[in-house]
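Shown next, in structure tokens, is the structure this report addresses.
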Amino acid sequence: MILSIILFYKPTSSSWRTLTFLAGVVLGLSKGGRTIKTRVTELLGIEYPIIQGGMAWIATAELAAAVSEAGGLGIIAAGNAPGDWVRAEIRKARELTTKPVGVNLMLLSPHLEEVLKVVLEEKVPVLTTGAGNPGKYLPVWKEAGIKVIPVVNSVSLAQRLERAGVDAVIGEGMEAGGHIGTETTMVLIPQLADKLEVPVIAAGGIADGRGMAAAMILGAEGVQLGTRFLCAEECQVAPAYKEMVLKAKDRSTVVTGSSTGHPVRVLKNPFAQQFLELEAAGTPPEELDKFGTGRLAAAVRGDVKEGSVMAGQSAALVERIEPVAKIIESLVSECRALLPSSGF
Ligand SMILES: Cc1cc2nc3c(=O)[nH]c(=O)nc-3n(C[C@H](O)[C@H](O)[C@H](O)COP(=O)(O)O)c2cc1C
């Protein structure tokens, strides 16, 4: 069996990377090593290739610092918040951990320019970006030594951004919570791994060590989770929001906004129902956008009937509220237990 793999295996650059990564994990295990080393952990100076996704109004200093402290990379989400708020969260996170914490930028934020000033002044080490193409800002960020990791949901955007000089990409499948693309994680990640030289981080539908191991086998060198971290003790979202995530089963999420060109995955509730009815009735996109404005913030405060309770399909896999350290520990130990037995 092993001989036939050696004789007939034709490595592509990504499958070769996957094999060497898996061999590294196995060797690390046999040496009793604690960290999982990939190009992502090297790039970011973290112990485990686990990133907490930026989540507008939700990913605050408390959550981000806890994830970094536990060996992953915590991210403060700037969302639509003003620069002063972002600065205060960065400083709060620095009181809670000495490890690196990143910031997620929403490129359509009305406060983007002031937030950009803040991240440069505060010397934020890592930026992730959602909703759009950060290409025009890259020269300034690279000059400042910032690691830039955009979220992408297509191969073509990922390739454009690689040419522009990003350090890695987060490939996000449509299983994810919040704003989504059209491709699934299962098919997007191997394509990105095949087509890119920079490391790929997988997001969308990953909630436990099985998902993490699967993503690594698909060619990812790290994972980003949002939905699972919604139910972290340190996550400041309202208890009613966490309850809805815990109660979710398969088919508990729907996608609102497909007709506006801004599809968003949310948990089913009266707001989502009404939104879908308005879409089915042919309501113009501007009216729908107005109808949806402020709804995530409302849900975060606890209005889980009229708010937009964004969460991914993986909500069905989230079973309890627990500290971030425990979440990371279980992801790592499950992933470790699975990889050596995967047959590679
Ligand atoms: C409530 C919520 C809010 C989100 N807000 C943002 C955001 O502001 N910026 C961003 O880049 N991604 C955002 N995302 C996506 C996450 O960062 C992450 O990529 C995604 O949750 C991963 O998929 P999962 O939900 O299956 O774990 C959000 C996701 C959720 C669940």
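Please pick out the residue among Glu95, Glu47, Glu42, Glu69 that is more than 16 Å from the ligand (Cβ to nearest atom), surrounded by fewer than 21 Cβ atoms within 10 Å (Cβ to Cβ), closer than 20 Å to Gly211 by Cβ and at pLDDT 95 or above. Exactly one of Glu95, Glu47, Glu42, Glu69 is more than 16 Å from the ligand (Cβ to nearest atom), surrounded by fewer than 21 Cβ atoms within 10 Å (Cβ to Cβ), closer than 20 Å to Gly211 by Cβ and at pLDDT 95 or above, namely Glu47. Exactly one residue among Val118, Val155, Val148 is away from the ligand (no atom under 11 Å from the Cβ), touching a residue at least 40 places away in the same chain (Cβ under 8 Å), among the hydrophobic types (A, V, I, L, M, F, W, C) and surrounded by 14 or more Cβ atoms within 10 Å (Cβ to Cβ), and that residue is Val155. The set of residues in the range 78-91 being of a type in the set (A, V, I, L, M, F, W, C), touching an Asp or Glu at 6+ places or on another chain (Cβ under 9 Å) and either within 14 Å of the ligand (Cβ to nearest atom) or not in a helix (DSSP H, G or I) (or both) consists of Ala78, Ala81, Val86. Among the helices (runs of 4 or more DSSP H) confined to the range 173-234, the ones with at least 1 residues that are away from the ligand (no atom under 11 Å from the Cβ) are located at 185-195, 209-217. In the range 265-286, the count of residues that are under 22 Å from the mean Cα position of the chain (by Cα) and among the small types (Gly, Ala, Ser) is zero.
Can you confirm whether the range 310-327 contains a residue that is closer than 16 Å to Val264 by Cα and among the polar types (S, T, N, Q)?
Filtering the range 310-327 for residues closer than 16 Å to Val264 by Cα gives 310-315.
Filter again for among the polar types (S, T, N, Q), leaving 313-314.
Checked against the condition, which is being closer than 16 Å to Val264 by Cα and among the polar types (S, T, N, Q), the range 310-327 yields at least one hit.
Any residue at all in the range 55-72 that's touching a Phe, Trp or Tyr at 6+ places or on another chain (Cβ under 6 Å) and either under 30 Å from Asp303 (Cβ atoms) or not β-branched (Val, Ile, Thr) (or both)? Yes, because at least one residue in the range 55-72 is touching a Phe, Trp or Tyr at 6+ places or on another chain (Cβ under 6 Å) and either under 30 Å from Asp303 (Cβ atoms) or not β-branched (Val, Ile, Thr) (or both).
Given the criteria within 14 Å of the ligand (Cβ to nearest atom), touching a Gly at 6+ places or on another chain (Cβ under 7 Å) and either under 30 Å from Thr97 (Cβ atoms) or in a helix (DSSP H, G or I) (or both), does Ser330 qualify?
On the way: within 14 Å of the ligand (Cβ to nearest atom): no; touching a Gly at 6+ places or on another chain (Cβ under 7 Å): yes; either under 30 Å from Thr97 (Cβ atoms) or in a helix (DSSP H, G or I) (or both): yes.
No.
Scanning the range 265-279 turns up one or more residues that are under 21 Å from Thr182 (Cα atoms), at pLDDT 95 or above and of a type in the set (Phe, Trp, Tyr).
The values are calculated or read from the model by the stated rules, or taken from the named source; none is laboratory data. Just so it is clear, the structure is predicted and the values come from calculations on it, not from any experiment. Cβ: placed from backbone, ideal geometry, glycine included. Neighbour counts: every protein chain shown.
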